[in-house]
Structures are given as structure tokens and as C-alpha cells.
Amino acid sequence: MRFNFKTTMRACFVSNIVQAVVNNFVPLLFITFQQDYHIPLSKITLLVTVNFGVQLLVDMLAARFVDRIGYRTSVVAAQLLAAAGLILLTVLPGLMDPFTGILVSVIVYALGGGLMEVIISPIVESCPTDNKETAMSLLHSFYCWGHMGVVLASTVFFKLIGIGNWRILALIWAVLPIINSVVFAFTPIAPLLSEGERGMGLRGLFKSRVFWVLFLMMLCAGASEQAVSQWASAFAEQGLGVSKAAGDLMGPMSFAALMGLSRALYGHFGEKLRLERVMRFSAALCVASYLLVALPPWPMLNLLGCGLCGFSVGVMWPGTLSKASRVLRTGGTAMFALLALAGDIGCSAGPTLVGMVSSAAGGDMKPGLLSAVGFAAVMLCCLLSIAPNPKHNVNTSET
């Protein structure tokens, strides 16, 4: 096999599919774990918290160790940790207390998932591509396709083979990161900074006003995305009174499909478009979609708003990373790690706000979803505050 930068890009795309596997496969088994291992729902919920909590921890620490051990070592380790977690999931529950075994497995693959989130984007950014913005958007579309693929493939497997054989499927998913680790061990990985250049470091980033605007943009991107995504299924069931399977298809599946579509479209046509204009349009469309979700008294219009929201948020996350690479050209690994941290904080804050407001409204989800429109509005204000021209690049702190 001939390894080149095209191979590197493909391996990065596969990494985002792997990340979709580690984030979305185990939640499909929550009811099975509850029934087979008699684990209470309160502990099952803890698995989600631990998964994203560990990834947040990796985001915070990665800025200090990735540059020291190198990108190749880090990315290979990330793939192997993801594979190890999935493999341990099939073994540990039978060797110890089942919940403890599942929890340890989740922690292991969450370490890999968090590390991938930090380093895959800068690896793509360092590749010699003609248009880095479109490459970044295409990269993040693969998480959406991976999410859809995990749900659909797992559903088909459980239907044909039986959900009792979920361990076989976990081992099949583990093959993907194992193969990808071999590719990353040999494919070229370019340095993020040119020879002789020094990264801004944490101190330089913290002194930059532009960095904090970008940090807030990433937080709003994650919150705008997950506030609807995490609650879409429940909202579909509540609003239409449909079954869970139908709710999943109408809610999160349509959301993920349209989010992936918007990223793929920008990845294909982005060279002809200005990133700033696309992101401003996306933020404005996101505001409109949240209003469509929360205000009309017609459930089908509300669901249309859910899908439209998926399309509108698609470019926000990868677009913010591309903009950060442009305006803070020497931000380096520290910048990508901190922006990943901001995105994950948003991914937690958005759904939490929706849940809290909905609970205060007596279980009505519309007020909760309406409250989340603020994230999209702040995103639009941040975009308007950053100069759009390429000359706005900075290499040192900006006040």
C-alpha cells in the first residue's frame, strides 16, 4: 500500500467515524445493560457523564503533552485506546461487577475519543490541501455519517442476529480503529507549524481577545448542535405521540443526516463560497430554526425546525476551527485543544439548559428549546465581531 497525504486525510475521516462509534454505540445498549445486568437507570446515565467528562479532561491536558510525544504517537494511541475500550466491553462485565466493567471500558475508549477530538483536526489542517476550510468541513461530515451508520448498522445487526450477540458487533466495530492505527503508523503527518515557528502557547492564547471570541464561538457551536440533537427523539415522541423508533428516525436521524449534508455540501462547493458569509447565514438560519421548533403549535413544523437546525449548525464547528487556523495561524496544538474543550463544554451546556428550563416549565420542552436560541444568537454576534478579511491573521497576542 502506498502511503501519502491522501491516505492521511482518509485515515482522519475514518477517525471521525471511530469517534462516532465510541460515542453512540453503547447508548444503544442501555436497555440491554439494564435488563441483563440489573443496573439501575441512575447508573446507566452515569456512563454518558463519564464518557464526556473523560473527553473534557483529555481536552484540558492534551495541550501540554501532545507536542511532547508527537502527533503520530498520539493518534496511534488514540486509535488503540478506542479499540481496547470496545474489546474490554465484551470481556470485563463477565470478570467483575458488570457496571464497574462497563465503566472501565467506557473510560478507556473515552480517552481515545478525547484524544482524537484534539489531534485529528490539526492533522487535517497540516496536510497540503488546496482549500483547508472545505477539507475541515468534509472531515466533520464523517462524524455525522458515522453516527447514522452506527445506528442503522447496529439496528440491522440486532434485528437479524439478535441483540444478545452485541459483543460480536462490538468486536467488529473495534476492527476499524485497529486498522486505522496501522495506517497512521506509516502515513505521512506534516508539522502543524513551519520550521522555526513557535506556537503562541497557553499564555499567548489567553492574552488574545480574538481567541476568547473563537472560544465562545466553539462553545455556542457545540451547544446549538447538541441542544436539539440530544432532545430531538424525546421531543418527537412528546409532540407527535409516535413510537421511540419513529421518534429516533424523525428526530436525531434526520438531524444528523441534514447536518452531514450541510458539511458535505460545503466540503464540495466551499471553494466558491466565503466562509464568513456561510457561517453568518448558518447562525441566522439556526436562530430561525430554533424559533420554528419552539413557537408554532403544529408538531410537523416543529419537527421541520429540528431538521433545519441540523442543516444550520453543520458548518459552525468545522468553520470555527478553520477560522481559528486563519486568524491565529500559530495557535498550534494548544489552540485546537482549548477549542475542543470549549466545544465539549457547549455540548454539555446546551442540553442541560434545555432540560432545566423544560423541567421548570412542567415538562414542556418547547420553552427549554426556545431558551437555547440564545446560543445561536451569540454565535452570530461573535461572527460579526471578527474581521472577515484574511489579513486579520495574528501571530502574537491581541488585545
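The values are calculated or read from the model by the stated rules, or taken from the named source; none is laboratory data. Small disclaimer: the values here were computed from a predicted structure and weren't measured. Positions of Cβ are backbone-derived with ideal geometry, glycine not excepted, and every protein chain shown enters the neighbour counts. For the accessible areas, the whole protein counts, side chains as well, though only heavy atoms, and no ligand, DNA or RNA atoms are used. Shrake-Rupley method; radii C 1.70, N 1.55, O 1.52, S 1.80 Å.
Quick notes
- Any hit, region 75-88, residues being open to solvent by less than 70 Å² (accessible area, probe 1.4 Å), closer than 15 Å to residue 340 by Cβ and in a helix (DSSP H, G or I): yes
- Out of 382, 309, sole residue that is closer than 13 Å to residue 223 by Cα, touching a residue at least 24 places away in the same chain (Cβ under 8 Å) and under 22 Å from the mean Cα position of the chain (by Cα): 309
- Some residue of region 17-30 being closer than 30 Å to residue 330 by Cβ and in contact with a helix residue (DSSP H, G or I) (Cβ under 7 Å, 6 or more places away or on another chain): yes
- Restricting attention to region 33-55 and to residues that are open to solvent by less than 40 Å² (accessible area, probe 1.4 Å) and under 19 Å from the mean Cα position of the chain (by Cα), the residue that is modelled with the highest pLDDT turns out to be 54.
- Region 123-137, subset out of contact with any Lys or Arg (no Cβ under 7 Å at 6 or more places or on another chain), modelled with pLDDT under 85 and in a helix (DSSP H, G or I), residue most open to solvent (accessible area, probe 1.4 Å): 132
- Close Cβ contacts (under 8 Å, 6 or more residues apart or on different chains) running from residues in region 332-358 that are on the phi > 0 side of the Ramachandran plot to residues that are open to solvent by 10 Å² or more (accessible area, probe 1.4 Å) and of a type outside the set (D, E, K, R) comprise 332/192; 332/193; 332/199; 332/200; 332/201.
- Of all residue pairs spaced 6 or more apart or on separate chains, those with beta-carbon atoms under 7 Å, a first member in region 60-77 that is within 18 Å of residue 202 (Cβ to Cβ) and a second member that is surrounded by fewer than 16 Cβ atoms within 10 Å (Cβ to Cβ) are 63/202.
- Residue in region 137-154 that is more than 20 Å from residue 263 (Cβ to Cβ) and in contact (Cβ under 8 Å) with a residue 40 or more places away in the chain present: yes
- Residue within region 167-189 that is of a type outside the set (Phe, Trp, Tyr), surrounded by fewer than 16 Cβ atoms within 10 Å (Cβ to Cβ), farther than 26 Å from residue 92 by Cα and touching a residue at least 12 places away in the same chain (Cβ under 8 Å) present: yes
- Among the residues of region 315-323, some residue qualifies, meaning at least one is touching a His at 6+ places or on another chain (Cβ under 8 Å) and closer than 17 Å to residue 137 by Cβ.
- Any chance residue 295 is farther than 21 Å from residue 384 by Cα, touching a residue at least 24 places away in the same chain (Cβ under 8 Å) and touching a Gly at 6+ places or on another chain (Cβ under 8 Å): no
- Scan of region 307-332 for residues that are of a type in the set (Val, Ile, Thr) and either under 18 Å from residue 386 (Cβ atoms) or surrounded by fewer than 23 Cβ atoms within 10 Å (Cβ to Cβ) (or both), ordered by number: 315, 320, 327, 330
- Filter result for the condition that a residue is under 29 Å from residue 94 (Cβ atoms), part of a helix (DSSP H, G or I), open to solvent by 20 Å² or more (accessible area, probe 1.4 Å) and not hydroxyl-bearing (Ser, Thr, Tyr), over 65, 30, 13: 30
- Residues that are assigned to a helix (DSSP H, G or I), polar (S, T, N, Q), more than 18 Å from residue 72 (Cβ to Cβ) and in contact with a helix residue (DSSP H, G or I) (Cβ under 8 Å, 6 or more places away or on another chain) do occur in region 102-115.
- Screening 342, 376, 349 for residues that are in contact with a helix residue (DSSP H, G or I) (Cβ under 7 Å, 6 or more places away or on another chain), at pLDDT 85 or above, more than 24 Å from residue 132 (Cα to Cα) and surrounded by 18 or more Cβ atoms within 10 Å (Cβ to Cβ) leaves exactly one candidate, 376.
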